[in-house]
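Single-structure report; data block below.
The values are calculated or read from the model by the stated rules, or taken from the named source; none is laboratory data. The model shown is predicted, which means the values in this text are computed figures rather than measured ones. Every residue, glycine among them, receives a Cβ derived from its backbone with ideal geometry; neighbour counts consider all protein chains shown.
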Amino acid sequence: MRVETFKKCVYIVLFLLIALFFTKDIDFFGEKFYKNIKEVTNPESLVVLVNKNNRLKEDYVPLNLEKIDLAFATEEKYLRKEAREKFEQLSQDAKNLNYKIIATSAYRGYEYQEKLHHYYKETKGVEYADLCSARPGHSEHQTGLSVDVTGSNQDYNLFEETPEFVWMQKHAHEYGFILRYPQGKEKITGFKYEPWHYRYVGEEVAKIIYENNWTLEEYLKNR
Ligand SMILES: [Zn+2]
């Protein structure tokens, strides 16, 4: 082999090694999701991690579910005591400013999630179902700490277009809530951007996540 050719080969190999180093943590095709699934061992923790790699038991039901005041929910909805109190406070404060933040989905049991995911799978295929909903046991709604909200246009899908969304971006963390699936973090959370889905983690943690522009996954990795 000529010296020049040998040098070229060395450069190419070096380049490939460097490229590999910088991309090894990037999950280009979402292959890490629904693989190496762990069972959640701290379901009652306020920072419990439930996602496509961490699953709640089929029979897990939070201990202290309480009904959200019907002034702040579309119908009978439940959250864990801490989350319910803070959500009502948030909605009341928003109402005092002439905003309307209403819970449209809160606690969802394993069986409900199973039906929901199955419905999407049957009608639109498994890829769509996984993009738009969690498989049973993998939904944060089973923790009783998550809430989907609507604003003045009463459509959670269009919550981003409401003044309530702007208000939530600034103030949700003051009540212990975080925007759980932010835009641009899909590769970390495993879920598409959901401007309507908020998760209660307590005020202290919510403030840290807000200030660092993190997801719950990033908080747990960096704390
Ligand atoms: Zn949700």
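Residues of the stretch 28-67 that are farther than 14 Å from Thr143 by Cα, of a type outside the set (D, E, K, R) and in contact with an Asp or Glu (Cβ under 9 Å, 6 or more places away or on another chain): Gly30, Phe33, Tyr34.
Restricting attention to the stretch 139-155, which residues are under 14 Å from Thr189 (Cβ atoms) and either in contact with a helix residue (DSSP H, G or I) (Cβ under 8 Å, 6 or more places away or on another chain) or more than 14 Å from the ligand (Cβ to nearest atom) (or both)?
Quick first cut of the stretch 139-155, residues under 14 Å from Thr189 (Cβ atoms) only: 139-140, 146.
Residues satisfying the conditions are Ser139, Ser146.
Just need a number here: residues in the stretch 49-64 that are out of contact with any His (no Cβ under 6 Å at 6 or more places or on another chain) and surrounded by 16 or more Cβ atoms within 10 Å (Cβ to Cβ). Break it down stepwise before answering.
Within the stretch 49-64, the first condition is being out of contact with any His (no Cβ under 6 Å at 6 or more places or on another chain), and the residues that meet it are 49-51, 53-54, 56-64.
Within this subset, residues satisfying the condition of being surrounded by 16 or more Cβ atoms within 10 Å (Cβ to Cβ) are 49-51, 53-54, 56, 60, 62.
Selection size over the stretch 49-64: 8.
For the stretch 166-174, does any single residue satisfy the condition of being farther than 17 Å from Lys52 by Cα, more than 15 Å from the ligand (Cβ to nearest atom) and buried (at least 17 other Cβ atoms within 10 Å of the Cβ)? Yes, that holds for at least one residue.
The residues of the stretch 1-39 that are within 30 Å of Leu49 (Cβ to Cβ), modelled with pLDDT of 80 or more and exposed (fewer than 10 other Cβ atoms within 10 Å of the Cβ), listed by number, are Lys35, Asn36, Lys38. Looking at Tyr112, Tyr99, just one residue is in contact with a Pro (Cβ under 8 Å, 6 or more places away or on another chain) and surrounded by 13 or more Cβ atoms within 10 Å (Cβ to Cβ), and that residue is Tyr99.
Within the stretch 196-207, one or more residues are farther than 18 Å from Val166 by Cα, more than 15 Å from the ligand (Cβ to nearest atom), of a type in the set (Asp, Glu) and out of contact with any Pro (no Cβ under 9 Å at 6 or more places or on another chain).
Mind counting the residues in the stretch 186-216 that are closer than 24 Å to Leu90 by Cα and over 9 Å from the mean Cα position of the chain (by Cα)? Talk me through it step by step, then tell me what you get.
We begin by selecting, within the stretch 186-216, every residue closer than 24 Å to Leu90 by Cα; these are 193-216.
If we keep only those that are over 9 Å from the mean Cα position of the chain (by Cα) too, we end up with 195-196, 200-214.
Number satisfying all stated conditions: 17.
How do the helices (runs of 4 or more DSSP H) wholly within the stretch 178-223 filter down when requiring 1 or more residues that are in contact (Cβ under 8 Å) with a residue 60 or more places away in the chain, of a type in the set (Phe, Trp, Tyr) and within 24 Å of Arg84 (Cβ to Cβ): which remain?
216-222
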